[in-house]
Amino acid sequence: MKRIVLFLLTNIAVMIALSITSTVVFSLIGVQMQEVFGEWSHLIVFAFVFGIGGSVISLLISKPMAKLSTGAQTIDGSEGEAERWLVATVEDLARRANIKTPEVAIYPGAANAFATGAFRNSALVAVSSDIMAQMSKEELRAVLGHEISHVANGDMVTLCLIQGVLNAFVILFSRIIAQIVANAGNGNERRRSNPFVYMTVVWTMEIALGILAMLIVCAFSRRREYVADAGSARLLGTPYPMIAALRRLGNLQPGVLPDSLKAMGIAQGRRTSLWSTHPALEDRIAALERAGVA
């Protein structure tokens with residue numbers, strides 16, 4: 001779940017930065033953005049270039065941003081027995097998934113793990129210090145198999161494409177709405193539109209439409225979690241370690257599982273909300289039991 005949240009936050013930050021930068025640049029050269037978007041074809045090109053561009057930038061910097069945000073430290077196995085086992089396990093699972101071994105990292109924090117990176121053969125797999133302490137090796141191996149499956153399936157790249165297209169539509173529709181509002185009462189005299197009103201509406205609509213876009217991303221993420229769970233079961237040859245790992249997460253005492261973990265999208269209830277990046281643990285367990293992967 002951290003990979004989704006980090007990607008979304010980075011994507012939002014990049015989009016805001018690009019929007020502000022374009023506004024400042026146009027202002028410095030004395031051009032109103034409404035004039036630039038006088039022809040819809042220009043607006044469409046702008047929306048897709050900036051929308052997809054912002055998503056691609058977010059993807060390309062996802063690894064360093066993940067390390068910076070979580071305090072993850074890469075390891076090579078020479079640090080100790082636990083680290084050596086972790087690196088060897090990732091290498092084995094990566095070989096089974098037919099991808100190059102990702103970077104392996106450990107970060108301080110509650111029971112969690114994530115994978116990220118722009119390329120399937122140059123990814124990062126990280127686990128928290130708590131999950132290493134709270135899970136058995138077989139359970140942790142299943143979690144690593146889950147993350148390796150995300151990498152092998154190219155989920156981050158697919159997410160990037162989906163987010164990029166959504167960004168483009170957010171940019172497009174926010175500016176169409178802003179143009180209509182800014183020109184209200186001016187007839188067809190676009191040059192007389194209020195630039196302050198225009199940009200205020202743009203930024204407001206980008207936030208509102210961006211929230212709707214996030215719902216689509218969350219829905220996609222939930223579907224891919226089921227696929228990654230099944231992928232872990234295939235890599236290990238049995239679904240039971242993944243089932244055990246999911247149950248372990250669900251059985252953690254409230255004092256052990258902090259609020260920060262719940263906020264990151266780990267579902268422990270019986271229902272999955274529209275904002276959840278992961279399905280409920282019970283639903284994921286049920287899907288593995290129904291699939292009967294062996």
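Things worth noting here:
- Selection count where residues are modelled with pLDDT of 75 or more, among the aliphatic types (A, V, I, L, M) and in a helix (DSSP H, G or I), scope the stretch 257-290: 5
- Lone unmet requirement of (1) in contact with a helix residue (DSSP H, G or I) (Cβ under 9 Å, 6 or more places away or on another chain); (2) over 24 Å from residue 247 (Cβ atoms) for residue 110: (2)
- Every residue from the stretch 73-107 that is surrounded by fewer than 16 Cβ atoms within 10 Å (Cβ to Cβ) and under 20 Å from residue 118 (Cβ atoms): 74, 98, 100
- When the criteria are applied in full, residue 235 fails the requirement of being touching a Phe, Trp or Tyr at 6+ places or on another chain (Cβ under 9 Å), modelled with pLDDT of 80 or more and under 20 Å from residue 97 (Cβ atoms).
- Filter pass, residue 126 being touching a residue at least 40 places away in the same chain (Cβ under 8 Å), out of contact with any Asp or Glu (no Cβ under 7 Å at 6 or more places or on another chain) and outside any helix (DSSP H, G or I): yes
- Residues that are over 17 Å from residue 241 (Cα atoms) and polar (S, T, N, Q) within the stretch 129-179 comprise 129, 153, 158, 163, 167, 174, 179, listed in sequence order.
- Checked against the criteria, residue 70 counts as within 16 Å of the chain's Cα centre (by Cα), within 25 Å of residue 248 (Cα to Cα) and surrounded by fewer than 22 Cβ atoms within 10 Å (Cβ to Cβ).
- The stretch 192-211, residues that are surrounded by fewer than 17 Cβ atoms within 10 Å (Cβ to Cβ) and either among the basic types (Lys, Arg) or free of Cβ contacts under 8 Å to residues at least 40 places away in the same chain (or both): 192, 194, 196, 197, 200, 204, 207, 208, 211
- Selection within the stretch 73-106 - within 21 Å of residue 139 (Cα to Cα) and in contact (Cβ under 8 Å) with a residue 40 or more places away in the chain: 82, 85, 86, 89, 90, 93, 94, 96, 97, 102, 103
- Residues of the stretch 118-154 satisfying the condition of being in contact with a helix residue (DSSP H, G or I) (Cβ under 6 Å, 6 or more places away or on another chain) and modelled with pLDDT under 90: 118, 120
- Subset of the stretch 61-105 [of a type in the set (A, V, I, L, M, F, W, C), at pLDDT 95 or above and outside any helix (DSSP H, G or I)]: 75, 97, 99, 104, 105
The values are calculated or read from the model by the stated rules, or taken from the named source; none is laboratory data. Note that the coordinates shown come from a computational prediction; the quantities given were computed from them, not determined experimentally. Neighbour counts run over all protein chains shown; Cβ positions are idealised from the backbone, glycine included.
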